[in-house]
Amino acid sequence: MAKVKYIAGKEPHAKEHRMIFKNVDREGWDVSLKTYEKEGGYKQLAKALKMEPKAVQDEVKAAGLRGRGGAGFPTGVKWGFVPPNNTKPVYLICNADESEPGTFKDRYIIHQDPHQLIEGLIISAYAVGAHLAYIYIREEFPEGAKILEAAIEEARKKKYIGKNVLGSGFELEVYVHRGAGAYICGEETGLIESLEGKRPYPRIKPPYFPAAMGLYLCPTIVNNVESLCHVKHIIDMGATAYGKLGTPRNTGTRILCVSGDVQRPGYYEIQVGKVTMGELINDMCGGMKKGRKLKAVIPGGSSSKILRADEKFTLKKGDKDVVIGLKDIPMDFDSLMACGSMAGSGGVIVLDDSRAISWVLNNLNTFYAHESCGQCTPCREGSAWMKKITDRIVSGNASPEDVDTLESVAYNIDGKTICAFGEACSWPTEAMVAKFRDELIGDTDGKNANRPVSKETQQAAKNLKTLNT
Amino acid sequence: MSDDKKQDAPAVPMVNVQIDGEWHQFPKGTRMIEACRQVQVEVPHYCYHPKLSSPGNCRMCLVEMGMPPRLAPGAEPELDENGRQKIGWMPRPVIACANTVAENMGIRTDSELTKACREGVMEFLLVNHPLDCPICDQAGECSLQEHSAEHGHGESRFRDEKNKKPKNVNIGPRIRLDDERCIMCSRCIRFCDETVDDPVLGFTDRGSHTVLTVHPNQQLANDYSMNTVDICPVGALTSNDFRFQMRTWFMKETKSICTSCGRGCNTTIGSREGTIFRQTPRDNNDVNSAWMCDHGRMNYHYVNSEARLTDPMIRENGEEAHRVVSWSKAIRFAADELLKFNASEVAVIASARMTNEELFMTRRLIADLSVEQVDVVTRRGKGDDYLVTADKNPNTAGAKLVLGLKKPGGELDAIREGIESGKIKALVVLQENLIDDADFTSELLGKLDFLLTTYPLANPTADDSHVVLPAATFAEKDGTMINVTGRLQRLNKVHQGPGQTMEVWEICRDLIMAIGGGNGIYSANDVFKEMAGEIKQFEGLTLAGVGEQGLPLLKTRNTVPMLEREKERIAKGEIVG
C-alpha cells in the first residue's frame, strides 16, 4: 500500500500508530464509498461473511478488544452474553453519543471515515446475529448524521446493507437515530430507553441487562463507534496479529484526545500502553505552554479521577512493585486503573499551574448537575448540591467545613445509583478533594461558616441584625 | 398471604436466605424487600409499591448483600460454624425492591453500610424539600417524616438555596400538585400508565429541576385519579376534597366497605367527632387490590349533610305537616296503622343498599305481617373495565338471598298497579326514595292510606309519608353485605348517626315488637346469629368471623377486571401483587 499522505500541518506524530484514524486528515480522502472501496473497503465484510458468526465472535474475543466507550469491557465477551437459546430478535446499537467532556474521537470517524464504521457495524451485526442495527448519534452532530445517512444509502445500493448482504443471505437494515442532547443517552440503557421514544432513564440491572433484555426487551448489544471500527481491523489482520499491537490484555490501538494546557492539543492514535503519559504530553503534544508547569491530568474523560503531577503510583511489574511518577504511566486500561483512575473514553485533559482546582471542579460539577437525568435520588440531588457548594467555593463564600460536606456528598452518591453516572459525577469531587484539599480549603474562609446563604436567610439576617452578614 | 402462595405453588423451590444473621426460607423469586417483610424486618422505601412495576429510583431500600464466593474448579466451599457456606459481602449495596433472593444469599439491613446508605438518601431527599410539614396534609402519614425520624441525620448540612418549583398546581379536578414536595418516586406516573391506562402524568426537565406534571392539554381526571394521592409517599399530590380539612392524627380510622356499587371496595373511613373527612381504599386482593374509584371515595358527603333526617316524624288524621315525635310514639303509631290492613293490602319495598342484617329483620317483619308483595329498587348504571360494576346497589345478592327475591325490581310494576287500583292500601318503604329513584309519583303515593318511609335524608317520598323514620347511613351501622362476586363483607360503625337516627334492623325489630312479635335481639351480632340459624348459606358463620377481608359466600362467575390484569402481571413477574 502506498504511503498515506496527510494534509499539511495535520500529519500524525511519529509515535502514533494510525489504524482507525488512518484516513483522518488524509490528503485526497473523502467520505464517498468510491474512495473507501479504492482502499480495499468492504473486503473485510466479504471475508467475515465467509466465516461462521461464532468464528467472528471468537476472533474478536481472541484479539482481546476492549470497549473504547469508557468501561473497557471486552467486546467479544459482551457479545457472548446474548442468551444461547434466544428466540427473540437481536439488535445491535452503535453508541455514537460521544458526550464525555474531553472526548472527540468518534466524531472524526463519523465525519471523515463513515464507511469504516458501517463496515465494522455490519460485521459485528453478523457476528451477534442482528438483522437490525441502529446508530444512535448525539444531537450535536447534525452533519455527522447526514454523512452517515448518505453513507448507508450508498452501502445499501452496493448490497452491503439490505435483504441479502453481498449475496450471503445475511439480512441487515441500519438506521441512524438522532438524540436530543443529553449526556445520559450515552449510558447504554438510557440510550435504549431514548431509542424506544421515552425519557432516557437508565434501567436497573438486574434485571435489564441489555444483552438479554435490551431494546424492546430483546437482546441488544451496544458498542462504541471506535470499538466497532476495530472489529473490521481484527478481521483484516486476524486476532493474533491484532493482539500483537499494544500490550498484553490491552491490545490494539486507541485514540487519545488531548485537550487543555498543552502546546498541541488534538487526537493521537497510539498502540495501547506503548506510550507513557510523559511521552504523550511532552513529545506528542509538544509539552506545556510557555512558562507553565504541569499541575494535574484527568486521564480518561472528565469523570475519571484526577492525577496530580507530583503523585507517586505503585504498579505491579511481574511480582515486583514499581513506584513511578505521573509521566511514566503507560496509557493503557490496566495501568491507569492501578493508578486509581481509568483510561475511560481516552479524553486526556491536561491542567497547568494556572488552573485553580476549585474552578476545575466547579466546571465539572456544573456539567454533571446539568446532565443528571434526575431519575434516582443520590445523583439527582447530590450532583446539584455539589455544584452549589463549589459555586460558593469559587465565589469565595464557602467555609472549610463545606469542603468536608462536599466530599461526603460525593461518597453518598458513589455506588448508590442506578447507573454509572453516579460514579461519573462523584469521582471528580472525590479525587480532587482528596488530592487538592489544601488548595480548596485555601479558597474558603472560616468566617463564612455562619454566613447565611439563601436569600431567605439573608433577608432574615438583615431583619434580625444579630447574625453576622 | 405468603402462606397461601406457598400452598398454591408447591413447585416453586425454596431458597435459604440469611437476613440480619438469621437464616430463613423463601420461595425462589421472592423480592428481597418482601422476604424481609415476611420476617418482620422493615426495609424503608418510597418508589416501590407491590402493585406497580419497580423502577428502583428512590434508592431508599439499598441494603448490603452477599453471596457465597464463586468457587474455583475443584475447590471446597468454606463453611461457617453452622455448616453453611460463608457469605462474601459485596462492597456495593443493592436495592431490595427489584432484586430477588437466591440460595445462600445474605442480606444486612442493620449494617454500617446500609445505615450510611439510608442516611445519605434521606439527606438527599430533604435537600430540596420545602420542609413545610406544619401546613402539609400528608404530615402524620408521610414516609419522609417517618423514615427521616428513623433513618435520617437529624439535622441538615445543606446551606444553599433550595430549588424553586411550581406549587399549588391544578392538574385535575380532584388533585392538586406541589412539585417542591415531590420526591420523584414516579408511583403516580406508573399507576396512571400501568393500572388505569391513562398515561397523563410525566416528568419534564431534568436533574434536580425535574418536575412532575400533566401532559399539555391533559388533565388527571380519570375515575381513579385520587388513588395517586394515596400512593404518593409525600405531600406532593393532595386531594382537593381532603385538603386542609383535618390533621391526619386527629382522625379515627374505621375499616369498612364502599357502598356505591356492587364491588364493595374495602375502605378505611377517617372521621372525627361525628364527621367523616375521607374514605381511602384498603388492600384486599380478592376485591379491590389497593384501589377504589373517585366516585365511591367521594360518596360520603351526604353522611355529613345538613339535610339529614334526625327525628321520627308522623302526620296523622290528615295533618298538613309532619311533627316530631318520640321513637316509641312513632313505632306505636306505625304498628297500629299497619295492623288495620289485611296482609294483601300491604306491600314492602326494601333496599338492596341495606345490610343483610337489616334485610333479615325486614324478612321477619314481612313474615309477621304475612305480606306477600315485596321488592327492592334496582339501580343499573355504567360499569367500567376496572372496579366499578353496572349494579349500583351494594347488596343485590344479599337482598336476593335474604328476602328470597327471584328477580329484584320485578314486582315494582305490580306494586304500582296495585296502588293505582286500590288493592294496595299501605306501603312500607325502607331506605328508598321512590319518587326520585323508582318512577313513583307523588300523585300515586297520595292514593295510599298509609305510607311509612325510613331514609337518611329528607326527600320527596318522605314528604308524602305518614311516618318518616330517620335511618343510619352505611357509616353508622354494623353489618354485612354480599358483593357481585358473592363475597360476604363487613361494615363497621364509624359513629352514631345524628340526632335520633336508628339502624333499619332496629326499626324493624321495634315494629315487630309493636305488632306483637318476639324479642331478644340487641345488636347486629344477634341478628347475624339468628340469620345463621335460618338461612343455609350463613350456617356456621359469625359476624366476627367475617373479618376484615370478608369471606367467599356465594359462587358466582364474576371476576374483577382489575384483579385479572394484576394476576397476569404477577405471573409475568412485573409486579409483586
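The values are calculated or read from the model by the stated rules, or taken from the named source; none is laboratory data. Here the structure is a predicted model, which is why all the values come from computation and not from measurement. Note that we place each Cβ from the backbone using ideal geometry, even for glycine, and neighbour counts take in every protein chain shown. Note: accessible area is taken over every heavy atom of the protein model, side chains too, but ligands, DNA and RNA are not part of it. Shrake-Rupley method; radii C 1.70, N 1.55, O 1.52, S 1.80 Å.
A few comments on the model shown:
- The trypsin sites (Lys or Arg not before Pro) found in region B:144-220 that occupy coil by DSSP, while having at most 13 further C-beta atoms within 10 Å, are B:Lys164, B:Lys167.
- Coupling constants for region A:411-422 follow from the phi torsions by the Karplus curve (6.51 cos²θ - 1.76 cosθ + 1.60, θ = phi - 60°), and in residue order they are 5, 6, 8, 3, x, 10, 10, 5, 10, 6, 4, x Hz; glycine and proline get x.
- Residues in region B:59-73 carry Karplus couplings, in order, of 6, 6, 8, 4, 9, 7, 10, x, 9, x, x, 5, 8, 5, x Hz; the curve used is 6.51 cos²θ - 1.76 cosθ + 1.60 with θ = phi - 60°, and Gly or Pro positions show x.
- Residues of region B:107-125 buried by at least 40 Å² on assembly (accessible area, 1.4 Å probe, chain alone as reference): B:Phe124
- Taking a quarter of the surface of the Cα convex hull of region B:156-304 gives a mean projected area of 10.6 nm².
- Taking all protein chains as they are arranged and a probe of 1.4 Å, the heavy atoms of A:Met237 leave approximately 70 Å² accessible to solvent.
- Taking amide H as placed 1.01 Å from N in the peptide plane, the amide H of B:Val429 sits under 5 Å from that of B:Ile349, B:Leu452, B:Thr453, B:Thr454, each at least 5 places away or on another chain.
- Measuring with a 1.4 angstrom probe and ignoring ligands and nucleic acids, A:Val323 comes out at about 100 Å² accessible.
- With eigenvalues of the C-alpha gyration tensor scaled by 5 and rooted, region B:113-206, Å: 26, 16, 14
- Taken over region B:2-120, the ratio of Cα radius of gyration to 2.2 N^0.38 Å equals 1.10.
- Using θ = phi - 60° and Karplus 6.51 cos²θ - 1.76 cosθ + 1.60, couplings along region A:165-173 (whole Hz; Gly, Pro as x): 5, 6, x, 8, x, 6, 10, 8, 10
- With every protein chain in place, the protein assembly as shown: carbon and sulfur % of accessible area (1.4 Å): 51
- Using alpha-carbon coordinates, inclination of helix B:412-421 to the longest axis of chain B, degrees: 20
- Assigned charges on the beta-carbon of Lys, Arg, Asp, Glu; the protein assembly as shown dipole about Cα centre (debye): 3600
- Chains B and A together bury roughly 3200 Å² of accessible area, counting both sides, with a 1.4 Å probe on protein heavy atoms only.
- Kirkwood Rh in Å, taken over region A:33-244 so that all alpha-carbon pairs contribute: 16.9
- Most to least accessible of A:Asp113, A:Asp310 (protein chains only, probe 1.4 Å): A:Asp310, A:Asp113
- Base-10 log of normalised Debye intensity for region B:446-577 (one unit scatterer per alpha-carbon) at q = 0.09 Å⁻¹: -0.42
- Helix B:112-127 axis versus longest C-alpha principal axis of chain B: approximately 60°, rounded to the nearest ten.
- The protein assembly as shown pair-distance distribution - Cα-Cα, 20 Å bins, rounded %: 11, 32, 29, 17, 9, 2, 0
- Accessible-area value, B:Ile570, 1.4 Å probe, nucleic acids and ligands omitted, Å²: 70
- Within chain B, the longest run free of chymotrypsin sites (Phe, Trp or Tyr not before Pro) that sit in a DSSP loop with at most 14 other Cβ atoms within 10 Å is B:245-521.
- If you sort B:Ser442, A:Ser372 by accessible surface, 1.4 Å probe, largest first, the order is B:Ser442, A:Ser372.
- Loop-located GluC sites (Glu not before Pro) in region B:250-320 (DSSP state other than H, G, I, E, B) with a sparse environment of at most 10 neighbouring Cβ atoms within 10 Å: B:Glu273, B:Glu306, B:Glu319, B:Glu320.
- Convex hull volume per residue, computed on the Cα atoms of chain B, equals 182 Å³.
- Take region A:33-244 with all the other protein chains still there, run a 1.4 Å probe, and you get 38 Å² of accessible area per residue.
- Summarising the amide proton neighbourhood of A:Tyr201: residues at separation of 5 or more, or on other chains, whose placed amide H is nearer than 5 Å comprise an empty set.
- Across all directions, the average flat footprint of the convex hull enclosing the Cα atoms of chain A is 24.4 nm².
- Crossing angle, helix B:504-514 versus chain B [Cα axis fit, 0-90 degrees, rounded to tens]: 30
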